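The structure appears right after this line, and notes come after that.
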Amino acid sequence: MSTIAFSHRMQTPLSPSALYGWMRSALVDTDRSPLWPRSLNRVVVPQWTQDASFEATYRLPGGWTQRSPYRLADLRDGLGFSYAPGPGHPFVGWIDVDVVPDARGSALWWRGSYTMAPWRPERAYFLWYLEPRFFPQLAAGLASLPADR
């Protein structure tokens, strides 16, 4: 088995409550979110409730898409949330997305780890395509948001 660990902290002048609101609304429907990297990923969380199931549709080069199941594993109102791969996902793991208050506004701290067979093509996709693009695009989306919501 192979493990991928990642940690990305993105600074924003948004207040913690505004940042949490933007992130929650983004995950409820990424198609309507100005901050979400829609060219790479689409998420629709039908219910923002503990253990709610949802799918992420990953957009791959060449027009291919891949759907992967997840579940909201822990909701920390105003502070963040955690999610985990759902049944049938090629990875097992846990991801935390936290809103961290600081003197300049807040930070979004997205971190986690996945374990999977080393030969999985999804491993290469995550490491060499998605992660290096998704988090910089998410940070750029955060930077484009108005300071007040």
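Descriptive notes on the structure:
- Exclusive hit being open to solvent by less than 20 Å² (accessible area, probe 1.4 Å), more than 23 Å from ALA52 (Cβ to Cβ) and in contact with a Lys or Arg (Cβ under 8 Å, 6 or more places away or on another chain), set ALA107, ALA84: ALA107
- Neighbours by Cβ (under 8 Å, 6+ apart or cross-chain): first from segment 122-149, under 14 Å from SER33 (Cβ atoms) and part of a helix (DSSP H, G or I); second open to solvent by 60 Å² or more (accessible area, probe 1.4 Å) and at pLDDT below 95: GLN137/SER39; GLY141/PRO34
- Residue selected from segment 87-104 under the condition under 12 Å from the mean Cα position of the chain (by Cα) and open to solvent by less than 20 Å² (accessible area, probe 1.4 Å), by the criterion nearest to HIS8 (Cα to Cα): VAL97
The values are calculated or read from the model by the stated rules, or taken from the named source; none is laboratory data. Just so it is clear, the model here is predicted, and its values are computed rather than measured. We place every Cβ from the backbone using ideal geometry, glycine too, and count neighbours over all the protein chains shown. Protein only, heavy atoms only, side chains kept; ligands, DNA and RNA dropped before computing areas. Shrake-Rupley method; radii C 1.70, N 1.55, O 1.52, S 1.80 Å.
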